[in-house]
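Here's the structure we're looking at; comments come further down.
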Amino acid sequence: MTAERLLIVEDEPDLVALLQVLLSAAGYQNIECVLTGRGALEAAVQRPPACVLLDVGLPDISGLEVCQKLKALPDLARVPVILFTGQKKEKLLGLQHGADYFVGKSGDSTELLATLDAAFRRKKQEDGVLERGELILRAAERQVLWRGAPVAVLTPKAYTLFHILVERGPQPVSREDL
């Protein structure tokens with residue numbers, strides 16, 4: 001189970017229901033769905049999501065415009081946006097409006113789940129978080145967590161050494177590399 005909050009912006013109720021079932025089965029437990037672009041902007045500002053799944057064709061304003069507005073807000077600029085599209089023209093426009101990833105509206109759930117995994121992996125790297133099983137290292141605080149509980153805050157040098165060992169493990173690391 002993951003506590004990452006997803007915001008789904010899709011105007012087709014059947015697809016929304018399918019996405020909720022799929023994502024719930026994959027372990028996502030914090031999912032909010034809205035049917036309009038304005039609703040998406042309001043929901044994202046009130047409760048910033050970890051990721052936005054965004055349809056390009058919305059009834060009120062374009063998903064591309066929603067994406068651009070989300071990326072212009074400082075608190076939401078780094079939130080990954082996955083556009084539902086399959087057309088090359090929409091992909092190009094999506095990139096120009098700030099989208100991070102693209103997924104077709106086909107029934108292939110593996111592409112969506114893999115894209116979500118990639119988005120969260122990238123976000124963790126950008127945030128300086130390294131996860132190996134139940135061990136988590138947070139660079140900003142030089143914090144070590146085990147099974148979600150803080151274990152230690154290391155000195156800068158100790159954190160750097162520990163990070164290298166965890167990142168490269170289980171392979172041995174030479175003294176020269178350290």
> Is it fair to say residue 111 is open to solvent by 20 Å² or more (accessible area, probe 1.4 Å), part of a helix (DSSP H, G or I), touching a strand residue (DSSP E or B) at 6+ places or on another chain (Cβ under 8 Å) and more than 27 Å from residue 147 (Cβ to Cβ)?
Replying inline: yes
> Which residues, counting only those in segment 98-132, are among the β-branched types (Val, Ile, Thr) and touching an Asp or Glu at 6+ places or on another chain (Cβ under 8 Å)?
Replying inline: 103
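Within segment 36-59, track down each residue that is open to solvent by 70 Å² or more (accessible area, probe 1.4 Å) and either touching a residue at least 24 places away in the same chain (Cβ under 8 Å) or of a type in the set (A, V, I, L, M) (or both).
45, 47, 48, 59
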> So residue 33 fits all but one of (1) over 27 Å from residue 148 (Cα atoms); (2) open to solvent by 50 Å² or more (accessible area, probe 1.4 Å); (3) part of a strand (DSSP E or B); what number is the exception?
Replying inline: (2)
>> So if I check each of 68, 87, 125, which one is under 19 Å from residue 34 (Cα atoms) and open to solvent by 40 Å² or more (accessible area, probe 1.4 Å)?
In response: 68
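The values are calculated or read from the model by the stated rules, or taken from the named source; none is laboratory data. These numbers come from a predicted model, not from an experiment. As a convention, Cβ positions derive from the backbone with ideal geometry for all residues, glycine included, and neighbour counts pool all protein chains shown. To get the accessible areas, we keep the full protein, side chains included, count just its heavy atoms, and leave off ligands, DNA and RNA. Shrake-Rupley method; radii C 1.70, N 1.55, O 1.52, S 1.80 Å.
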